[in-house]
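What follows is a set of notes on a single structure, which appears directly below.
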Amino acid sequence: MEKKYLLILLVITLVLLPVHFLQKIFTLHKQCTNCFFLQEKHMVKEKSFLTPGFNMDEFTAIQQTRVDVLTLTPWIAPIVWDGTFDPAVVHALHPPDNLSIILAVFVVGNYWSFLQPFLESAGKYFMPGYNVTFVVLTERVGENAPTVSLGGPGRTVKMMQAEKFDAWHENALRRMPRLLQMLEDNELHFKPDYFFTIDVDMLFKAEVGPEILSDLVTFLHPGYFGTSRSHFPYERRQASLAYLSQTQGTFYFGGAFYGGHPESVIAMLRQCWANLQDDASRGIIAVWNEESHLNHYFALKRPPTLVLSPEYCWASNWALPSQVHFARVFSVAKNNFRLHGKR
């Protein structure tokens with residue numbers, strides 16, 4: 001008799017768990033009704049699938065509690081917004097003990113002036129309480145990094161060599177191979193649990209914590225927040241390996257902040273760098289440089305397992321729409337002509 005009851009209990013459990021999982025998925029379609037990210041019908045109808053690297057714990061940690069924004073992608077990756085996660089829950093999911101994180105920034109030419117305020121804000125707000133190595137890639141490697149508080153022990157700055165090129169776009173295009181070299185050659189002499197890179201002309205304004213940790217992470221570009229796919233600035237020239245057609249892609253992702261597990265980041269960098277080189281050999285530079293190749297990769301090769309909302313990279317001189325409660329990271333308004341001779 002007891003075996004019979006145990007068997008019934010097992011059947012009920014197997015039935016209810018998938019139902020709970022499907023309820024979360026169906027939330028996506030409910031949100032799509034009013035969601036400005038998926039205004040076009042063909043986006044809503046895209047086939048959902050579980051991407052490699054999908055993590056059920058991460059999925060359940062991001063709660064679908066907001067109805068004014070999309071909190072799941074069509075491939076069931078969480079989109080992180082204020083109000084969609086409990087900091088205590090994600091902290092417990094990713095305890096800081098023995099967890100190492102790298103945050104890499106390129107600081108070449110006139111961008112040196114951004115380094116001190118960047119480090120001051122990152123030391124205070126980026127992964128507080130976690131072991132973080134802030135890697136500064138610069139041609140001024142012989143100079144001392146600015147002396148700032150990084151928020152406690154286990155948080156250090158590492159200066160590493162990066163070449164400076166005369167053309168500003170060349171400096172942008174050469175970031176990927178330098179990051180790839182650093183990771184593949186183990187230049188830091190340790191393997192981090194997570195690797196991220198971000199532009200140095202950013203300021204952290206609120207805590208960016210373990211809610212961003214996943215296998216492959218990127219963010220929704222704030223400039224195309226609320227626009228349809230037809231307005232995304234994908235590379236439209238078929239000659240480029242960054243090409244996306246009018247029916248490909250779901251979101252437009254920014255190139256200023258991305259990361260994840262080193263193995264997944266390395267695979268992405270290898271593919272994007274190979275495509276960049278192939279384009280360059282034929283005299284082609286994608287419309288938005290490495291960002292175009294990242295969007296191609298995420299659309300056709302490997303979608304991200306976690307997407308950060310525009311809260312994680314908002315322009316400092318833009319007003320906040322009602323959906324963006326606050327900006328955790330600001331991109332700093334700057335004089336592009338002074339920095340690299342371009343308006």
Handout entry: Long-range amide H partners of residue 308 with built H, under 5 Å
Key = 80, 218, 219, 220
Practice task
Could you run the Karplus curve 6.51 cos²θ - 1.76 cosθ + 1.60 with θ = phi - 60° over the stretch 245-261 and give me ³J(HN,Hα) per residue in whole Hz, x for Gly and Pro?
Solution key: 7, 5, 9, 10, x, 10, 10, 10, 9, x, x, 7, 7, 7, x, x, 5
Practice task
Go through the stretch 147-162 residue by residue and turn each phi into a ³J(HN,Hα) via Karplus (6.51, -1.76, 1.60, θ = phi - 60°); whole Hz please, and just put x for glycine and proline.
Solution key: 7, 9, 7, 9, x, x, x, x, 10, 9, 10, 10, 8, 9, 6, 9
Handout entry: Long-range HN-HN contacts of residue 258 with modeled amide H, under 5 Å
Key = 197
Practice task
Give a residue-ordered list of calculated ³J(HN,Hα) values for the stretch 81-94 (Karplus: 6.51 cos²θ - 1.76 cosθ + 1.60, θ = phi - 60°; whole Hz; x for Gly, Pro).
Solution key: 10, 4, x, 9, 8, 9, x, 5, 5, 5, 5, 5, 5, 10
Completion exercise
Using the Kirkwood radius over Cα pairs of the stretch 175-314, the Stokes-Einstein translational diffusion coefficient at 25 °C and 0.890 mPa s, in µm²/s and rounded to a whole number, is 157
Practice task
Could you list which residues have their amide H under 5 Å from that of residue 85, counting only those 5 or more apart in sequence or on another chain, with H placed in the peptide plane?
Solution key: 63
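Bear in mind these aren't lab numbers, they're just calculated from the coordinates by the rules spelled out. Just so we're clear, the structure is a prediction, and the values are computed from it rather than from any experiment.
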